[in-house]
Structures are given as C-alpha cells and as structure tokens.
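Chemist: This is the structure I have questions about; it appears just below.
The values are calculated or read from the model by the stated rules, or taken from the named source; none is laboratory data. Computed from a predicted structure; not experimentally measured. Methodologically, a virtual Cβ is constructed for each residue, glycine included, from the backbone with ideal geometry; neighbour enumeration extends over all protein chains shown. Side chains are part of the model used for accessible areas, which takes the heavy atoms of the whole protein and leaves out ligands, DNA and RNA. Shrake-Rupley method; radii C 1.70, N 1.55, O 1.52, S 1.80 Å.
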Amino acid sequence: MAILYNIKKVVLTELDESTGAAKSSGIVTHIKTAQKAELEAVLSEGDEDILRSPEQILAVVRTNDLIYGYDMTLTDNTFDAKAAELVAGYKVTGSGNEEKWSTPMMTEGFTGKPFKCDIYVANYSGDSIVNYVKITLNKCYGKFPDMEVGDGYYAPEFKIKARENTKANLPIKEITFVEEVPTDPVV
C-alpha cells in the first residue's frame, strides 16, 4: 500500500529528438519547489453500436477506450530559468540581475524541446517516509505558461503534453518505487 504525500522533486531532462534518449549535453533541471502536478488522461474514446428491434436489444458491439497520452499542469512556486527554456522555449540570456527571458520571435515558431519528466512523491508509513514513488512521463512537450500577476505570489503553471516515446520504445507513463530522490547537480 502506498500513502503518497507531497512532491519532493521534479526532474526535467532534455531528450534527443532522433533517439528519444536523454541528450548527452542537454538541459537537466531539478525543481524542488513544485506545488502540484495534475495529470489528465487523454483518450481515444471507443464506440458502442446497438442493434435492436422495437422490443429488445439484439446485440451490442463495443470498442474500448484507448489511452494515448496525458495532459499535465505543473505548478511551481518559483520560476526556474532552465525549466522555462526547456518546457516553454524561452531564450535565457545574461545572468544575475542582468538575466533576461525572451519568447521566441513569431518567425522562429515554438522553440521548446522534448523532455522526460520524473516526479518524486514521498511514500509514508505512519509518520515516516519509507521510500518514494517516481512517476516518469517518457516524452513531453510544453507550452508557454499563462501569467496572472497580482497582489499574491506568482506561481507559473506549465502546460505539458506527455506521449509515448516511440523512438526509445517507452510507454507514456511509468511508476516505480525508489529509495531516494536524486541529489541536486553541482552548479
């Protein structure tokens, strides 16, 4: 039995478009401030064909629903430059107080990259963490986040489409139990 509570970390890893595997010199970002991830199954709905007479149903032929992806909304409590570059295609230039994030020009089209998303959630027994559930979405594409800035904190919501990673022969989603959350990369 798994009792899951609280996202501990989200790791986004850029994929090589030609192989579907992790890109050797690609972007990897660790998000420790993820607030929530909402996954909604994307289905190709089956049909139901009923043959009937005026008094009775003679036959029912059904085809099952088939899953072909998930649409995810990832809400973060901070706005991470690497995540914005990978998921939404922002161009990040400069650093520190001179850092600038720019959307691509219309003539450039969408510049986001394919990526893998690993979500780590704590698995509890009583008041102790026994291990973690790793939810892997094997091939994702993002969209530009909507922005609503007002008198409260701004929490970006990244819209992500997860689909089967056919080139790497990986399913849409995998759930595994792991002993620990990966350590942050040395910067």
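Yes/no matrix, rows are residues, columns are (1) loosely packed, with under 14 Cβ neighbours inside 10 Å; (2) touching a strand residue (DSSP E or B) at 6+ places or on another chain (Cβ under 9 Å); (3) among the hydroxyl-bearing types (Ser, Thr, Tyr):
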| site | (1), (2), (3) |
| --- | --- |
| 8 | no, yes, no |
| 16 | no, yes, no |
| 34 | no, yes, no |
| 37 | no, yes, no |
| 50 | yes, yes, no |
| 58 | yes, yes, no |
| 61 | yes, yes, no |
| 98 | yes, no, no |
| 110 | yes, yes, no |
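Chemist: Please state which of the following conditions residue 83 fails to meet, knowing it meets all the rest: (1) within 28 Å of residue 182 (Cβ to Cβ); (2) open to solvent by 80 Å² or more (accessible area, probe 1.4 Å).
Modeler: (2)
Chemist: Counting only residues that are among the hydrophobic types (A, V, I, L, M, F, W, C) and under 21 Å from residue 175 (Cα atoms), which one in segment 58-72 is farthest from the chain's Cα centre (by Cα)?
Modeler: 66
Chemist: Scan segment 129-153 for residues that are open to solvent by 50 Å² or more (accessible area, probe 1.4 Å) and within 24 Å of residue 111 (Cβ to Cβ) and report the count.
Modeler: 8
Chemist: Would you point out the residue of segment 156-187, among those that are of a type in the set (Lys, Arg) and under 17 Å from the mean Cα position of the chain (by Cα), that is farthest from residue 30 (Cα to Cα)?
Modeler: Kept after step one, since they are of a type in the set (Lys, Arg), are these residues of segment 156-187: 159, 161, 163, 167, 173.
Next, only the ones that are under 17 Å from the mean Cα position of the chain (by Cα) stay: 159, 161, 163, 173.
Details: 159: 17, 161: 19, 163: 21, 173: 19 Å.
So the residue we want is 163.
Chemist: Which of the strands (runs of 3 or more DSSP E) contained wholly in segment 1-113 include at least 2 residues that are of a type in the set (Val, Ile, Thr)?
Modeler: 4-14, 28-31, 57-62, 66-76, 91-93
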